[in-house]
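Structure record follows, encoded as structure tokens.
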Amino acid sequence: MGSHFRLRLLNTAGEEHVETARKVILCNGVTGNGAAQIPAVLHENLPRSLYAHTADAIDFNALRGKAVAVIGGAASAFDSAATALEVGAAQVHLFVRRNALPAVPITRTRAYPGAYDNYPQLPDALRWRQAARFRRAGSTPPVDAVERVTKYPNFHLHLGTAWSHASAEGGRIAARAGDEQFQFDFAIAGTGYLIDPAVRPELSAVSKDILLWRDRYVPADDERDDYLGAHPYLGTAHEYLEKTPGTAAYLANLHVYNPAGLVSFGVPVGDVPSMKRDIPAVVNRISRDLFLADLDRHEQRLNADVPPDFDATLYGHRLWQGEKVDIV
């Protein structure tokens, strides 16, 4: 690749146009380095008309009077369950694999200035252990999101319960979860997002060159986590790094401002807690890189002639002429 990226963009009407850029910032949200993660029990056994992911544009009004299942225990699962209840779903069952709802916001331990400001410079082993701790604790739903659903008598929470089977029967879902059988009209997966640049159309051609955490750090056996290992290992300005040094220098011009920066930066990048530290880091690096890339032009500009703000007529009439001596 040369010194520019050629971006082929589609508008909402399906029309393509091309932009040229020297730097690209991937502010493309939770699916920005991957895709929605849908449980196999849904996508392998059910038609797409019977389920959705929380990342989809769900027609909640169509769920009025319906029996709805929600899979997941974080904010989006609870918000989807609440929205279905609020539009008049007959009943909503929410299934969580954990035996208790995640309630410990682990990332708050990193919120003081020393840890927050310097997190990208921490040793790999420490950053990995912090990410693994977050994974063990789980992503916590907000208190108000839980309260939003628990006030409804037709909301039912299933803890320590995973779906083991699903099939379409008569236009409905026949599901087995734990030791029970259920019938639902629709299922919503609030099951998070996978990290894999290869599945992103805009990144598939370059994905093989991107350094991932699994390429850089080998954890102890009891700390292994394939999900964390799939995250890109980012530079201090959120730029991709080369998997093989010297083979893909262009990656330094792709800056990742989305949740794929979790392992590298300690917070879900793109959310409010990341903004104070990470936006200036990206902006400052882009400014530096572009300035140095055009240094010859800037040197000419720095050495350019500068017109004076004024000339001697401004002060000439007040020049000292020496003492006047009267001769008698």
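The values are calculated or read from the model by the stated rules, or taken from the named source; none is laboratory data. Note that the coordinates shown come from a computational prediction; the quantities given were computed from them, not determined experimentally. Note that we place each Cβ from the backbone using ideal geometry, even for glycine, and neighbour counts take in every protein chain shown.
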Exercise for review: Inspect all residues belonging to the range 275-298 and state whether any of them is part of a loop (DSSP other than H, G, I, E, B), free of Cβ contacts under 8 Å to residues at least 24 places away in the same chain and not basic (Lys, Arg).
Suggested key: yes
Exercise for review: Taking Asp222 as the residue in question, decide whether it is modelled with pLDDT under 95 and either closer than 18 Å to Phe265 by Cβ or surrounded by fewer than 21 Cβ atoms within 10 Å (Cβ to Cβ) (or both).
Suggested key: yes
Check your understanding: Considering the range 44-82 alone, what residues qualify as being within 24 Å of the chain's Cα centre (by Cα) and without any contact (Cβ under 8 Å) to a residue 24 or more places away in the chain?
Key -> Asp56, Ala57
Review point. Of the residues Leu203, Leu262, Leu251, which single one is in the same structural domain as Val30 (by TED's automatic domain parsing) and part of a loop (DSSP other than H, G, I, E, B)?
Key: Leu203
Revision key, fill the gap. Here the residues within the range 272-295 that are surrounded by 14 or more Cβ atoms within 10 Å (Cβ to Cβ), farther than 18 Å from Tyr112 by Cβ and of a type outside the set (A, V, I, L, M, F, W, C) are Arg285, Asp289
Review point. Take the residues of the range 11-42 that are aliphatic (A, V, I, L, M) and under 26 Å from Gly261 (Cβ atoms): which is farthest from the chain's Cα centre (by Cα)?
Key: Ala21
Check your understanding: Taking the stated definitions as given, is Thr236 assigned to a loop (DSSP other than H, G, I, E, B), closer than 15 Å to Ser207 by Cα and modelled with pLDDT of 95 or more?
Key -> no
Exercise for review: Could you grab me the full set of residues in the range 51-65 that are crowded, with 18+ Cβ neighbours inside 10 Å and under 22 Å from Gly170 (Cβ atoms)?
Suggested key: Tyr51, Ala52, Leu63
**Study point:** Output for the range 47-61, where each listed residue is part of a loop (DSSP other than H, G, I, E, B) and touching a Leu at 6+ places or on another chain (Cβ under 8 Å)
**Key:** none
Exercise for review: Of the numbered conditions (1) loosely packed, with under 14 Cβ neighbours inside 10 Å; (2) assigned by TED's automatic domain parsing to the domain that holds Asn28; (3) without any contact (Cβ under 8 Å) to a residue 12 or more places away in the chain; (4) not aliphatic (A, V, I, L, M), Lys208 fails exactly one; give the number of that condition.
Suggested key: (3)
Review point. Does Val87 satisfy the criteria of being aliphatic (A, V, I, L, M), more than 27 Å from Ala260 (Cβ to Cβ), in contact with a Leu (Cβ under 8 Å, 6 or more places away or on another chain) and in contact (Cβ under 8 Å) with a residue 60 or more places away in the chain?
Key: no
**Study point:** Number of the condition not met by Ala13 [criteria: (1) in contact (Cβ under 8 Å) with a residue 60 or more places away in the chain; (2) part of a loop (DSSP other than H, G, I, E, B); (3) over 27 Å from Leu251 (Cβ atoms); (4) among the aliphatic types (A, V, I, L, M)]
**Key:** (1)
Check your understanding: If you scan the range 161-179, which residues turn out to be closer than 20 Å to Leu101 by Cβ and either surrounded by fewer than 19 Cβ atoms within 10 Å (Cβ to Cβ) or aliphatic (A, V, I, L, M) (or both)?
Key -> Ala162, Ala177, Gly178
